[in-house]
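Written below as structure tokens is the structure these notes are about.
The values are calculated or read from the model by the stated rules, or taken from the named source; none is laboratory data. Quantities reported herein were computed from a predicted structural model and do not represent experimental measurements. Cβ atoms come from the backbone with ideal geometry, glycine included; neighbour counts cover every protein chain shown. For accessibility, only protein heavy atoms count, side chains too; no ligands or nucleic acids. Shrake-Rupley method; radii C 1.70, N 1.55, O 1.52, S 1.80 Å.
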Amino acid sequence: MWPLSVHASFRAGLAWALLSAILGMDLSLQESLLLKSLGLSAKPSPKTAVPVPSVLWRIFQNRKTPTNKGLEDACKVEEFNVPGNIIRVFADQGHFIHSRQPQTLLCLQKRLYFNLSVLEEGERLTMAQLEIKFSHNSYHTSSRGQVFGLRLYQTAQLSLRGMPSREHSRKLLVEQSFAQLHKSLLFNLSGVAKDWQTYSKNLGLVLEISVGGGDGASALVSWGLQSLCASIDSFLDTSLLVVTLSRQQCKASRRRRSTYDAPITPSNLCKPRRLYISFSDVGWENWIIAPQGYMANYCLGECPFPLTAELNSTNHAILQTMVHSLDPEGTPQPCCVPVRLSPISILYYDNNDNVVLRHYEDMVVDECGCR
């Protein structure tokens, strides 16, 4: 028979293992609930570090900088002047189309596809902007002064091979000429994206770029056409910026968060205390791009009798404190809780490796009170 010390050690080890398992389950459950509140089905694990679009960095920095405005509409993206509190940039998942029948003036034909299925139920799409970007390297001396033509079609039907049928299968959305390839072209596709979300199936788009912008360039010789078209497909980059409004996580007319530091004066009274949350400490640093952490703060302290105006007390709390002073055993003191919170913006990768900028309410404790 084993000695009692061995049995005691075994029981202690088993108890600790069970406790660790329970705590692990609780933490996992809490993490899943928090991720769900952030609009994520699971903790993202980005495969590659997708570059953050400059427009998202600019908007993120603007939201970090305090302004002189007393109030702002947290349900509006001021940079685009549209309602919204979530901005996503979808990478193109399409492919180049290689036609069996060469067209003399056509430089490239590409199917564009943006997977909008990650939009949550209840999100209202307010803006969709297509960006077609060309590298500076794709603009060379031989193309100076040459006009290019761009056509963008909405795909309505796919053939058995997954290629768009030529007849009655696509709708012309945009037709534009341009002379330089080192600048981004922007197109408003809000109407198309809304149709994808509500009415029609998302079969993507077809992009065509040709030399001359039409039939007027038929006199170009083949070697000149090849020279002009040679580098376009190598440096073509397309993305779709989508702004949506989620009213569940958005409250109008909230005060813009300024740089707020909780007081450090020693006191037992109810007030905000400093709490910095580092995303690396909770294992989220690989999918949250910015910020690396933030000052969240928390409320702690007593609500003694008599309550003063500085403690942000309600009439109920004042009466409860009076009753507590007469009957300490039967009536508890009011609790020290947050009475004013402010939002932050988080830049992160979602479960499909898209870059997302999202505005989250009630993330920072600014003031505490007795309730």
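Brief remarks follow.
- Residues of the range 308-322 satisfying the condition of being touching a Lys or Arg at 6+ places or on another chain (Cβ under 7 Å) and either part of a loop (DSSP other than H, G, I, E, B) or at pLDDT below 90 (or both): Thr314
- Residues of the range 38-68 satisfying the condition of being at pLDDT below 75 and among the polar types (S, T, N, Q): Thr65, Thr67, Asn68
- Any hit, the range 283-299, residues being in contact (Cβ under 8 Å) with a residue 12 or more places away in the chain and farther than 30 Å from Ile59 by Cα: yes
Matching residues to (1) crowded, with 21+ Cβ neighbours inside 10 Å; (2) in contact with a Gly (Cβ under 9 Å, 6 or more places away or on another chain); (3) without any contact (Cβ under 8 Å) to a residue 12 or more places away in the chain; (4) outside any loop (DSSP other than H, G, I, E, B):
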position: Thr331; (1), (2), (3), (4): no, no, yes, no
position: Pro338; (1), (2), (3), (4): no, yes, no, yes
position: Leu341; (1), (2), (3), (4): no, no, no, yes
position: Ile344; (1), (2), (3), (4): no, no, no, yes
position: Asn351; (1), (2), (3), (4): no, no, no, no
position: His359; (1), (2), (3), (4): yes, yes, no, yes
position: Met363; (1), (2), (3), (4): no, no, no, yes
position: Cys368; (1), (2), (3), (4): yes, yes, no, yes
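- Selection status of Ser325, buried (at least 18 other Cβ atoms within 10 Å of the Cβ) and not in a loop (DSSP other than H, G, I, E, B): no
Listed here are the residues, each with its yes/no results for (1) closer than 20 Å to Val55 by Cα; (2) of a type in the set (Ser, Thr, Tyr); (3) part of a loop (DSSP other than H, G, I, E, B); (4) modelled with pLDDT of 85 or more.
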{"site": "Val89", "(1), (2), (3), (4)": "yes, no, no, yes"}
{"site": "His98", "(1), (2), (3), (4)": "no, no, yes, no"}
{"site": "Gln101", "(1), (2), (3), (4)": "no, no, yes, no"}
{"site": "Gln109", "(1), (2), (3), (4)": "no, no, no, yes"}
{"site": "Ser117", "(1), (2), (3), (4)": "no, yes, yes, yes"}
{"site": "Gly122", "(1), (2), (3), (4)": "no, no, yes, no"}
{"site": "Thr126", "(1), (2), (3), (4)": "yes, yes, no, yes"}
{"site": "Gln129", "(1), (2), (3), (4)": "yes, no, no, yes"}
{"site": "Leu150", "(1), (2), (3), (4)": "no, no, no, yes"}
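- In the range 201-216, of all residues being modelled with pLDDT under 80 and part of a loop (DSSP other than H, G, I, E, B), the one that is surrounded by the fewest Cβ atoms within 10 Å (Cβ to Cβ) corresponds to Gly214.
- Within the range 287-318, the set of residues being open to solvent by 80 Å² or more (accessible area, probe 1.4 Å) and either under 37 Å from the mean Cα position of the chain (by Cα) or not acidic (Asp, Glu) (or both) comprises Gln292, Tyr298, Leu300, Phe305, Pro306, Ala309, Asn315, His316.
- Test for Asp233: is it over 30 Å from Arg371 (Cβ atoms), at pLDDT below 90 and surrounded by fewer than 16 Cβ atoms within 10 Å (Cβ to Cβ): yes
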